[in-house]
């Protein structure tokens, strides 16, 4: 059962990435922190893939910005790239995709809440990008980066429609209480391929469940979950996030 659950989590992660690995060992490597590798003797860790992913990310972002913004000066391009190629958006994307649950970390780091560490999450996200590059080539990596740059969690996100506002608003409320951004996880998939529906659960990184929602895509189900969570928060008389009166 544990293996089945792990496989489902991997498949959900691939669906979020929009990429299915031909060589799953690359994804496993991307999700293996050095602390786990040192404790178990499993090699390699994700450090080499992180190095590669960092370079791939910078190249992809540079190319996308150069093509999409012909009016930008060199300084403007550099500033825009810096806002994307940084720890914060990478960590947010990792949380959005449910990466913390898949990350293999050492016991010591686990006790230190390593799965919540933005630096560790950002490094793993870069490693995942490096794995996509090796498995599918530059085109696959660039497509993933372009999708990431359009997401609300990223600095280039444009929450200009109602569904995106639900997720943005929920994130603002949660972070205002000193919590890390909500985590969205696929917990169900129903129906045939031509008429599939997804169920997504939104929770805090420490496991506290906020709500769940359904939709014809993972994105739509995530928006529905965020809307449900906002409704629950607005109706609750007490603070469900444990923030108290402080």
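The values are calculated or read from the model by the stated rules, or taken from the named source; none is laboratory data. Just so you know, these numbers come straight off a predicted model, no measurement behind them. Reconstructed Cβ throughout: ideal geometry from the backbone, glycine too, with neighbour counts over all protein chains shown.
One table, with the values for the structure above:
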{"item": "Residues of the stretch 65-124 classified as on the phi > 0 side of the Ramachandran plot, surrounded by fewer than 16 Cβ atoms within 10 Å (Cβ to Cβ) and touching a helix residue (DSSP H, G or I) at 6+ places or on another chain (Cβ under 8 Å), total", "result": "0"}
{"item": "Exclusive hit being at pLDDT below 90 and either over 15 Å from the mean Cα position of the chain (by Cα) or assigned by TED's automatic domain parsing to the domain that holds residue 86 (or both), set 175, 171", "result": "175"}
{"item": "Of the criteria (1) at pLDDT 80 or above; (2) assigned to a helix (DSSP H, G or I), which one residue 198 fails", "result": "(2)"}
{"item": "Residue within the stretch 182-190 that is at pLDDT below 85 and in a helix (DSSP H, G or I) present", "result": "no"}
{"item": "Subset of the stretch 1-21 [at pLDDT 80 or above and either in the same structural domain as residue 217 (by TED's automatic domain parsing) or assigned to a loop (DSSP other than H, G, I, E, B) (or both)]", "result": "18, 19, 20, 21"}
